[in-house]
Amino acid sequence: MTDFANPSAAAPPPSASTTANLIEFRCPQCQKLLRIGSAAAGGQARCPNCSAVVNVPNVQYTPQPGPSAPMPPLPVSAQPPGSPQNNVPPLSFAAPPATVPPASAVPPPFPAAPANDAVPAPPSAPTAAATLSTASALLRPSQSQTPTKSLFDRIVAEIRKIYIGQDELVLGTLVALFSSGHVLIESVPGLGKTLFVRTLGRVLGCRFGRIQFTADLMPSDITGAPIFDMKTQEFRFHPGPVFTQFLLADEINRAPAKTHAALLEIMQEYRVTVERTSHKLDRPFLVMATQNPIESEGTYNLPEAQLDRFMFKIIADYPAADEEASVLKMHSQQVDLDQRLSQELQTVTSPQEINATTQACGAVRVDDRLIDYINKVVRRTRQWPQFHLGASPRAGIALVQGARTLAAFNGRDYAVPDDVVQLALPALRHRVILTAEADVEGQRVDDQLREMIRTVEVPRV
């Protein structure tokens with residue numbers, strides 16, 4: 001260890017130099033002149049005057065005579081008390097750090113996830129996003145434009161005129177729509193789910209319907225029922241609110257299981273069978289069901305058969321501070337919403353174009369090795385020790401279809417492992433059940449899924 005030398009009374013300019021095997025520099029906090037042996041260059045020490053941790057400049061030159069430009073201020077590690085850098089003994093430098101390759105030199109197995117759910121990954125894991133956290137980047141227009149990518153950009157641009165934020169919800173819903181799937185949204189009230197569905201219906205030129213699920217809601221209230229016609233003296237089928245194209249099933253977990261059962265055939269077969277007669281639904285058809293995660297009184301858990309019909313389960317959180325400020329400015333003027341939807345939004349597509357684009361997304365190439373990777377991920381959920389129930393083959397179908405659509409949104413005609421891993425959490429989190437032991441220990445499904453996905457070898461596609 002080398003201590004600071006006593007500085008002379010005459011203070012040189014605030015720059016670093018080497019003189020007689022000493023390094024002279026000023027403390028960036030108190031401006032006190034400090035001297036240290038040149039062998040300690042690149043180390044750290046605590047200033048004896050103000051106790052600030054300073055970095056010793058690594059000076060490798062001899063000062064030239066005459067005036068010189070001052071050096072920029074030295075960086076100071078402002079760590080909280082108790083951190084490793086602030087534990088440096090006073091009046092001495094810590095040993096130079098060991099030569100370790102920086103973290104940026106090794107390609108991470110996953111791109112950095114949000115701070116609240118970042119999980120370190122082993123070296124064998126793939127280079128892919130762990131969640132829909134890259135939705136913000138995808139929602140920005142890209143340079144490579146294909147017909148599907150161009151349509152996607154136009155839809156997002158129109159939605160952003162009314163609906164602010166919730167990038168994961170917007171992207172997940174559009175992927176499900178162009179993959180012939182449905183979406184289950186778990187969020188607290190007041191996040192604009194109804195506004196989003198109405199905006200989406202207006203932009204896409206599709207009909208919108210809403211069902212408020214309650215404890216006394218009957219199956220016939222959803223599907224419709226035969227009604228006796230007094231003029232013809234016969235029963236005539238009266239369609240229910242499910243005969244639309246965008247259906248918002250609000251607070252679906254407030255209805256009993258017999259009401260949920262009415263949606264099983266609708267979501268899978270796109271038809272309603274009443275009195276041995278099947279009635280086809282117009283395509284595209286998208287069900288967006290919502291449930292409140294903080295309320296359990298007066299609610300019913302959705303059965304596994306119902307949950308498996310949803311392609312994705314998206315967890316919508318509160319908006320960011322700047323997004324919420326924009327919401328307050330945009331929606332606090334007491335302007336009729338129907339008027340805003342009709343005047344500010346343009347219909348950029350049609351149901352016919354949506355159906356054609358859905359068929360085009362189905363033609364995106366998926367390599368056999370990627371199919372094998374998806375199969376391994378789904379089957380691993382049935383062997384994971386923390387899962388009591390694994391995902392069904394329908395989960396693999398959802399991942400293949402979603403990866404195709406997401407690739408098309410990116411302007412590609414082929415899917416990559418990044419597409420699969422980005423959609424893995426929304427496609428699997430509602431199809432697996434934790435064991436009783438893991439549930440008691442406070443384990444989270446998303447955390448276990450991330451850890452499980454990292455154990456599956458990713459193919460080179």
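Rule-based calculations on the coordinates, nothing more; no lab input. Since this is a predicted model, take the numbers as computed values, not measurements. So basically every Cβ, Gly included, is an ideal-geometry build from the backbone, and we count neighbours across all protein chains shown.
The table below lists the values:
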quantity: Of all residues in the range 166-196 being β-branched (Val, Ile, Thr) and in contact with a helix residue (DSSP H, G or I) (Cβ under 8 Å, 6 or more places away or on another chain), the one that is nearest to Gln268 (Cα to Cα); calculated: Val183
quantity: Only listed residue being buried (at least 16 other Cβ atoms within 10 Å of the Cβ) and either over 28 Å from Ser150 (Cα atoms) or acidic (Asp, Glu) (or both), chosen from Arg380, Arg444, Arg460, Arg404; calculated: Arg380
quantity: Filter result (surrounded by 24 or more Cβ atoms within 10 Å (Cβ to Cβ) and not hydrophobic (A, V, I, L, M, F, W, C)) within the range 383-401; calculated: Gln401
quantity: Residue count, the range 271-299 (criterion: farther than 22 Å from Gly209 by Cβ and either touching a His at 6+ places or on another chain (Cβ under 9 Å) or part of a strand (DSSP E or B) (or both)); calculated: 0
quantity: Candidate set: the range 175-211, residues that are at positive phi and touching a residue at least 12 places away in the same chain (Cβ under 8 Å); chosen: the one surrounded by the fewest Cβ atoms within 10 Å (Cβ to Cβ); calculated: Gly205
quantity: Candidate set: the range 280-337, residues that are β-branched (Val, Ile, Thr) and surrounded by 11 or more Cβ atoms within 10 Å (Cβ to Cβ); chosen: the one nearest to Glu353 (Cα to Cα); calculated: Val287
quantity: Filter pass, Ala360 being surrounded by 12 or more Cβ atoms within 10 Å (Cβ to Cβ), small (Gly, Ala, Ser) and under 22 Å from the mean Cα position of the chain (by Cα); calculated: no
quantity: Every pair of residues 6+ apart whose Cβ atoms lie under 6 Å, when the first sits in the range 249-269 and is on the phi > 0 side of the Ramachandran plot while the second is hydrophobic (A, V, I, L, M, F, W, C); calculated: Glu251/Phe213
quantity: Single condition Tyr373 does not satisfy, out of (1) surrounded by 12 or more Cβ atoms within 10 Å (Cβ to Cβ); (2) under 17 Å from Val197 (Cα atoms); calculated: (2)
quantity: Cβ pairs under 8 Å, 6+ apart, first in the range 440-461 and basic (Lys, Arg), second surrounded by 16 or more Cβ atoms within 10 Å (Cβ to Cβ); calculated: Arg450/Ala130; Arg450/Leu425; Arg454/Pro109; Arg454/Phe110; Arg454/Ala121; Arg454/Ala125
quantity: Flag if Asn253 is in contact with a Phe, Trp or Tyr (Cβ under 7 Å, 6 or more places away or on another chain) and not acidic (Asp, Glu); calculated: yes
